[in-house]
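Peer 1: Can you read through this structure? Questions will come right after.
The values are calculated or read from the model by the stated rules, or taken from the named source; none is laboratory data. Because the structure is a prediction, the values reported are computed rather than measured. Positions of Cβ are backbone-derived with ideal geometry, glycine not excepted, and every protein chain shown enters the neighbour counts.
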Amino acid sequence: MCGLSGLARKPEGSELKLLLDNLSLKIVALLLGLLLWFHVATEKIYTYEVRLPVTQVNLDQGLALVRYPVDSVTVVVSGSGKRLGRLQWREDGLRLNATQFTEGKHQLPLSPSNLTLIGGNNLIALKEVVAPGTVDLHIDRKAEVTLTVETDIVAETDDGFAVGAVSAPEPARVKVSGPRSVVARLKSLYTEHRRITGLRNNVDITVPLALPFGYGLSLEPDSVSLSIQVVPVRTRMFEGIPVMLFNTPADSLVSFRPRRISVVLTGAPDLIDTLSSAAIVASADYLSIDSVGQAAISIDCPAAFKVKSISHDSVSIIGF
């Protein structure tokens, strides 16, 4: 048997051992290489087309826009990959400069001379405006009026309680400023709709004002305060309330019973004591008659009161 005396066989597993030698140093070197590559890549200057919101329009003092000229503009920007990769400059959007215009309708060609990036810290450059090429501006003089505030509050109490009173809003009048042509159409202001339920005690609330329809309006202040008084209820019976039957056939006389009913209402003591029975309406709809000739009675009364019970909940149509 012959052999090669000058050749030595590597021990089994030496390749793996060679791979694992100084593994931590090899990983660190790889990471450093990746970091260096990332740094070089993100410092490179890129040109990028992007659609950005127009979040600010600059006008001369005393002027206001009647409507917003454009929601967003497609532009070409340039900057390092690191800067372009951030989101904040996109959210900040663009500033449109229109301080050269007076009141009236104008057409403004868009360019980097009148559009600027709000964010980017001057490290991202706006190179070109792609679309739209022009925008229409409708500019008016700024005006201010003081309007009365109306409340849109629905207050509901727990059983055994009633709303005694709702105070006038504070302040009762609010300043509204904006384009003169828009402000001139306003007659009053309203609070945002609020429904408050389950009241058992007096409450003080602050309610935002509903911004009127129209662009560029601002309110000062933008909310009002009011108080809701809650009192224990008093019960009162109203007898002999006439029942009206609606939608009866025009060519026939319809008889029904009962013709009068008793209604029990609950409400604030000082209010229910002064309530007239004439403010209570009992009615039934002929078109809602069921298979046995009965139609449900509904009660309408002022919103400050609740119906506790009625002597009859339906009318019976005679000869049905």
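Peer 1: Working only within region 131-178, note down all residues that are under 30 Å from PRO53 (Cα atoms) and either acidic (Asp, Glu) or within 24 Å of the chain's Cα centre (by Cα) (or both).
Peer 2: Here is the first cut: in region 131-178, the residues under 30 Å from PRO53 (Cα atoms) are 131-144, 175-178.
Scanning region 131-178 gives ASP136, ASP140, GLU144, LYS175, VAL176, SER177, GLY178.
Peer 1: Take region 296-320 and flag every residue that is surrounded by 14 or more Cβ atoms within 10 Å (Cβ to Cβ) and among the acidic types (Asp, Glu).
Peer 2: Within region 296-320, none qualify.
Here's the yes/no breakdown for (1) closer than 21 Å to GLU156 by Cβ; (2) in contact (Cβ under 8 Å) with a residue 12 or more places away in the chain; (3) hydroxyl-bearing (Ser, Thr, Tyr):
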site: TYR190; (1), (2), (3): yes, yes, yes
site: ILE196; (1), (2), (3): yes, yes, no
site: THR206; (1), (2), (3): yes, yes, yes
site: PRO212; (1), (2), (3): no, yes, no
site: LEU217; (1), (2), (3): no, yes, no
site: PRO221; (1), (2), (3): no, yes, no
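Peer 1: For region 118-133, state whether one or more residues are within 25 Å of PHE213 (Cα to Cα), at pLDDT below 95 and of a type in the set (S, T, N, Q).
Peer 2: no
Peer 1: Can you pull out the residues in region 215-239 that are under 18 Å from the mean Cα position of the chain (by Cα) and of a type in the set (S, T, N, Q)?
Peer 2: SER218, SER223
Peer 1: For region 65-99, how many residues meet the condition of being in contact with a His (Cβ under 9 Å, 6 or more places away or on another chain) and either of a type outside the set (D, E, K, R) or under 14 Å from LYS127 (Cβ atoms) (or both)? Even if it seems obvious, please write down each step before you answer.
Peer 2: Initially, region 65-99 is screened for residues in contact with a His (Cβ under 9 Å, 6 or more places away or on another chain), giving 65-67, 69, 82, 98.
Filter again for either of a type outside the set (D, E, K, R) or under 14 Å from LYS127 (Cβ atoms) (or both), leaving 65-66, 69, 98.
The number of residues fulfilling the criteria is 4.
Peer 1: Among what's in region 81-107 and is in contact with a strand residue (DSSP E or B) (Cβ under 6 Å, 6 or more places away or on another chain), polar (S, T, N, Q) and not in a loop (DSSP other than H, G, I, E, B), pick the residue that is surrounded by the most Cβ atoms within 10 Å (Cβ to Cβ).
Peer 2: The qualifying residue surrounded by the most Cβ atoms within 10 Å (Cβ to Cβ) is ASN97.
Peer 1: Still on this structure, I have one more. Go through region 238-257 and give me each residue that's more than 21 Å from ALA296 (Cβ to Cβ) and either modelled with pLDDT of 90 or more or hydroxyl-bearing (Ser, Thr, Tyr) (or both).
Peer 2: SER252
Peer 1: Inspect region 306-315 for any residue being within 30 Å of THR206 (Cβ to Cβ), within 37 Å of the chain's Cα centre (by Cα) and part of a loop (DSSP other than H, G, I, E, B) and give the result as yes or no.
Peer 2: No, region 306-315 has no match at all.
Peer 1: While we're looking at this one, here's another question. As an exercise: evaluate THR116 against (1) part of a strand (DSSP E or B); (2) over 30 Å from the mean Cα position of the chain (by Cα) and give the number of the one condition it does not meet.
Peer 2: Here THR116 clears every test but (2).
Peer 1: Considering only strands (runs of 3 or more DSSP E) fully contained in region 196-269, which possess at least 2 residues that are within 30 Å of ARG185 (Cα to Cα)?
Peer 2: Filter on region 196-269 gives 203-208, 218-220, 223-232.
Peer 1: GLY178 - would you say it is under 23 Å from ARG67 (Cβ atoms) and in contact (Cβ under 8 Å) with a residue 12 or more places away in the chain?
Peer 2: yes
Peer 1: Please verify whether GLY293 is on the phi > 0 side of the Ramachandran plot and loosely packed, with under 12 Cβ neighbours inside 10 Å, treating the condition exactly as stated.
Peer 2: no
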